[in-house]
Amino acid sequence: MSRPADRPTVSVALCTHNGERFVGQQVTSILNQTVPVDEIVVGDDASRDGTVAVIEAAVADARGRGLEIDLTIVRREAPLGVAKNFEDTVARTTGDLVALSDQDDVWPADRLARLIPVFSDPAVMLVHSDARLVDADGVPTGGLLLDTLDATVRERNALTSGHAFDVLLRRNLITGATAVMRGPFARGALPIGEGWIHDEWFAMVAALSGGVRLVPEPLLDYRQHGGNQIGASAVDWERRRQKLTEARDERAARLIARAASIAEFADAHPEVANARIRETLHRKLAHERWRASLPVSRVARVPRVAAAAVGGRYHRYNRGLIDVARDLAQPATTRPL
């Protein structure tokens, strides 16, 4: 099966870890796309089961049916963890486009056919979709990923229209398993910044230049089986209560590291991040450092947090009243940063 000359080459960056139970279904769904993929690069993070053998068997079967596909498998004796595994795996891809893949999902046959045309706009760097939540047996639970994440109409419209930066400045709504990226962009965005998960990083870097687009259809069966390394779970009132009682120091340090690394990336790439974007990122960094410096005493925090909230900083850089409540309620376990 030859590739049309005008079709971009497609790589899949598939990261695995003890995924024997589901990975065969995922690889088969990738190989059965109506727009064929050209390359699968597997980063296997120290699996101790038959994950790799299952992948090799599925690809061998597809080749026997005439599918031309390259397969690269990197087997690690010591695990890198999710973000570093994706970083290394994406770096090894060669395609014009790179699709991120978890080991336990299923791609509808027309997934790539729906997403690839969005890249006809040269400004687009990353395209993502909604996803249908399914259980361990692949049975739909009735939920959609963006609903579970409480994505608002305003946020969805911004993601669809190329205005993702202001949304992602406040919180991530892009799940890597739903994303396809331009290959040169993805490889050029590496390494992943400190404190970031791979999908959050790629999304924010793409958003610096207005290069994110949401296709609002559920173009992935996103399997939730209790063993997901990163999954989708609704935040109920009990989880919200728990977040208000969590010590803030560790999270504050991570937020500072994230803000610093993306600001540093933007400063180093003014061709993709204009002066307004760079200034906004530095203001975000200053805001996170300010949050980390809030007094240990909750009472003493009140006037400072209230002033910042009235000034709009929590709405601009965080999740508004949710993070106001966090900064007023969360205990500090050590000296503020």
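The values are calculated or read from the model by the stated rules, or taken from the named source; none is laboratory data. Bear in mind that the values here come from a model prediction, so they are computed numbers and not experimental data. Positions of Cβ are generated from backbone atoms using ideal geometry, with glycine treated the same way; all protein chains shown enter the neighbour counts.
Any chance region 17-26 includes a residue that's within 24 Å of Ala189 (Cβ to Cβ), among the aromatic types (Phe, Trp, Tyr) and either surrounded by 19 or more Cβ atoms within 10 Å (Cβ to Cβ) or assigned by TED's automatic domain parsing to the domain that holds Asp137 (or both)? Looking for residues that are within 24 Å of Ala189 (Cβ to Cβ), among the aromatic types (Phe, Trp, Tyr) and either surrounded by 19 or more Cβ atoms within 10 Å (Cβ to Cβ) or assigned by TED's automatic domain parsing to the domain that holds Asp137 (or both), one finds none in region 17-26, hence no. Within region 163-196, the residues that satisfy the criterion of being part of a helix (DSSP H, G or I) and more than 14 Å from Lys284 (Cβ to Cβ) are Ala164, Gly176, Ala177, Thr178, Gly183, Pro184, Phe185, Ala186, Arg187, Gly188.
Of the residues Asp110, Asp96, Asp121, Asp105, which is more than 25 Å from Asp6 (Cβ to Cβ) and not aromatic (Phe, Trp, Tyr)? Residue meeting the stated conditions: Asp105. Restricted to region 41-53, and to residues there that are touching a residue at least 40 places away in the same chain (Cβ under 8 Å) and among the aliphatic types (A, V, I, L, M), the residue that is nearest to Gly81 (Cα to Cα) is Val42.
Quick grid of which residues meet (1) of a type in the set (A, V, I, L, M); (2) buried (at least 17 other Cβ atoms within 10 Å of the Cβ); (3) in contact with a strand residue (DSSP E or B) (Cβ under 7 Å, 6 or more places away or on another chain):
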| position | (1), (2), (3) |
| --- | --- |
| Pro270 | no, no, no |
| Arg298 | no, no, no |
| Ala309 | yes, yes, no |
| Arg319 | no, no, no |
| Asp323 | no, yes, no |
| Pro331 | no, no, no |
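Taking helices (runs of 4 or more DSSP H) as the structural unit, those lying wholly within region 75-161 and holding at least 2 residues that are aliphatic (A, V, I, L, M), out of contact with any strand residue (DSSP E or B) (no Cβ under 8 Å at 6 or more places or on another chain) and assigned by TED's automatic domain parsing to the domain that holds Gly43 correspond to 82-91, 153-160. Among residues that are modelled with pLDDT under 95, more than 30 Å from Ala123 (Cβ to Cβ) and within 27 Å of the chain's Cα centre (by Cα), Arg248 is included.
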